[in-house]
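The values are calculated or read from the model by the stated rules, or taken from the named source; none is laboratory data. Bear in mind that the values here come from a model prediction, so they are computed numbers and not experimental data. Cβ atoms come from the backbone with ideal geometry, glycine included; neighbour counts cover every protein chain shown.
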Amino acid sequence: MSRIPFLTAILLIALIAICSSQTTAIKAGKLIDPASGVVLTNQVILVEGQRIKAVGSNVAIPKGAAVIDLSRYTVLPGLIDGHTHILLQPEDEGEIPPIITKSQAFRTVQGVAAARAELEAGFTTLRDVDSEGAGFADIAIRDAINQGIIPGPRLFVSGDCLTITGGHMNLVGINPDIQVPEPGLLTDSRDAMIAAVRRNIKYGVDLVKIYATGRTSQNDPVTLEPLCTFSEEEIRLVVSEAKRWRKDVAAHAYGGQGAKNAILAGVRSIEHGMFLDDEMLKLMVERGTFWCPTLCVYIPEDEKTPVNDMIKRIIPRHKDTFQRAMKLGVKIAFGTDVGAYTHGHSAREFVKMVEYGMKPIDAIRSATITTSELVRMEKEIGTIEPGKYADIIATEGNPVDDIKALTRVVFVMKEGKVHKGLRD
Ligand SMILES: [Zn+2]
């Protein structure tokens with residue numbers, strides 16, 4: 001240190017100060033504003049530190065600002081997926097669940113890679129709803145991302161989730177004489193439900209998830225009525241206990257009495273919901289309940305994958321429910337269930353939403369504005385506006401004209417840091 005002349009040291013300190021408040025100017029050829037539905041042209045976005053400072057066509061680029069030229073691309077806010085599983089991988093969907101076949105350490109490593117794949121696909125925020133027996137690995141990954149140890153989206157996580165003996169996330173076909181670890185929290189009494197909520201919150205979850213109906217194979221084979229697993233009173237107990245700690249509840253619910261119980265009990269969102277009838281959808285509109293449809297997880301990624309009879313019957317019902325929900329004005333929050341299929345491929349959900357009749361701009365709104373409300377971050381993310389986090393992505397082609405452009409994300413910035421695309 002003593003060998004560095006005093007003036008040089010001062011200059012170095014000044015340079016570090018300038019760099020830490022570095023202004024970046026992004027030149028956007030096209031800029032989608034999901035709030036107004038307008039596609040603006042030739043915009044400049046100024047980013048200072050983690051946040052957006054200014055946006056407009058007449059914004060002057062300050063001297064010394066780093067310039068990122070996206071004038072050939074379409075720029076939009078970072079995408080938000082309301083239903084993911086970073087600790088689940090496609091190979092885990094086989095007969096034997098990962099809690100039996102993999103160590104938590106290995107699953108965590110896979111989760112780190114999954115988080116990165118999601119970020120690079122344009123998803124800057126995820127609501128991750130069940131680590132499926134990986135304990136609190138989701139919390140560890142969230143914290144590691146927040147501390148800058150690994151790259152990844154901003155995560156809202158649920159840890160393991162509440163279910164009943166014999167319900168979803170409870171292993172079946174197991175020798176009853178041997179003890180096996182369970183992927184879900186078996187809460188067969190009201191005391192157990194309250195204790196599970198408190199335990200999860202104590203260790204750092206952002207939300208609570210409950211399995212209000214069973215798995216698809218437990219649907220009635222004739223009527224497809226899902227298995228109802230909790231009463232309205234029981235779910236109300238979970239919602240009120242979570243609320244005491246200022247946490248929301250997401251309910252896995254395909255439809256039927258289980259879904260109705262969850263809606264009436266005041267959950268924040270219904271997950272999957274392919275059998276929601278008009279009465280339930282209207283109740284959701286009245287109560288402001290969000291719906292994460294997860295259309296694509298029931299549709300194989302390639303045509304060679306066999307589809308069982310139950311799923312074949314679910315797909316058209318799901319489409320019909322999606323179209324009725326749109327008409328009735330349900331808050332449809334983009335949610336994919338990715339993890340059950342390949343991480344980084346979630347944009348296929350947009351394509352399906354548009355195929356089922358949603359306008360591309362509404363599908364984008366669903367994955368930005370609506371999901372930002374779902375995670376109560378609407379003042380911080382979801383649009384490109386001064387004061388919000390600089391979560392900004394760019395696509396080759398304009399997704400408002402061609403929704404498949406969202407499969408071609410070329411640039412990702414999260415909180416002012418570039419994670420994909422044009423680097424210095
Ligand atoms: Zn899921």
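Structure notes:
- Inter-residue pairs, beta-carbon under 8 Å, first over 24 Å from LYS247 (Cβ atoms) and in the stretch 111-130, second more than 16 Å from the ligand (Cβ to nearest atom) and among the charged types (D, E, K, R), 6+ apart: LEU119/LYS414; LEU119/LYS420; GLU120/LYS420
- Subset of the stretch 77-133 that is β-branched (Val, Ile, Thr) and over 25 Å from LYS404 (Cα atoms) - its residue that is surrounded by the most Cβ atoms within 10 Å (Cβ to Cβ): VAL129
- Test set (1) at pLDDT 95 or above; (2) touching a Lys or Arg at 6+ places or on another chain (Cβ under 7 Å); (3) within 16 Å of the ligand (Cβ to nearest atom) - HIS168 fails condition number: (1)
- A Cβ distance below 6 Å, combined with a sequence gap of six or more or placement on separate chains, defines the contacts here; from the stretch 370-381, residues that are under 15 Å from GLY78 (Cβ atoms) reach residues that are part of a helix (DSSP H, G or I) and not basic (Lys, Arg) in the pairs GLU378/SER372; ILE381/SER372.
- Enumeration of residues in the stretch 349-367 that are buried (at least 24 other Cβ atoms within 10 Å of the Cβ) and of a type in the set (Ser, Thr, Tyr): SER366
- When each of ALA196, ALA212, ALA144, ALA192 is tested for being among the small types (Gly, Ala, Ser) and closer than 20 Å to SER103 by Cβ, the lone residue that passes is ALA144.
- Filter pass, PRO399 being in the same structural domain as ASP206 (by TED's automatic domain parsing) and modelled with pLDDT of 95 or more: no
- Scanning the stretch 147-164 for residues that are in a loop (DSSP other than H, G, I, E, B) and modelled with pLDDT of 95 or more yields GLN147, GLY148, ILE149, ILE150, PRO151, GLY152, PRO153, SER158, GLY159, CYS161, ILE164.
- Of the strands (runs of 3 or more DSSP E) lying entirely inside the stretch 37-84, those containing at least 1 residues that are closer than 30 Å to ARG268 by Cβ and out of contact with any Ser or Thr (no Cβ under 9 Å at 6 or more places or on another chain) are 38-48, 51-56.
- Of the helices (runs of 4 or more DSSP H) entirely within the stretch 250-367, those holding at least 2 residues that are more than 16 Å from the ligand (Cβ to nearest atom), of a type in the set (A, V, I, L, M, F, W, C) and farther than 29 Å from THR74 by Cα occupy 256-265, 278-287, 309-328.
- Top-ranked residue in the stretch 228-249 [being in a helix (DSSP H, G or I) and hydrophobic (A, V, I, L, M, F, W, C); ranked as surrounded by the fewest Cβ atoms within 10 Å (Cβ to Cβ)]: LEU237
- Among the residues here, ILE210 qualifies as modelled with pLDDT of 95 or more, assigned to a strand (DSSP E or B) and in the same structural domain as VAL157 (by TED's automatic domain parsing).
- Pairs are defined by a Cβ separation below 8 Å, a sequence spacing of at least 6 or placement on different chains, a first member in the stretch 231-254 that is touching a residue at least 24 places away in the same chain (Cβ under 8 Å) and more than 14 Å from THR163 (Cα to Cα), and a second member that is of a type in the set (S, T, N, Q) and assigned to a strand (DSSP E or B); the pairs so defined are ASP248/SER269; TYR254/THR213.
- Inspection of the stretch 121-136 finds no residue satisfying the criterion of being more than 12 Å from the chain's Cα centre (by Cα), away from the ligand (no atom under 15 Å from the Cβ) and among the charged types (D, E, K, R).
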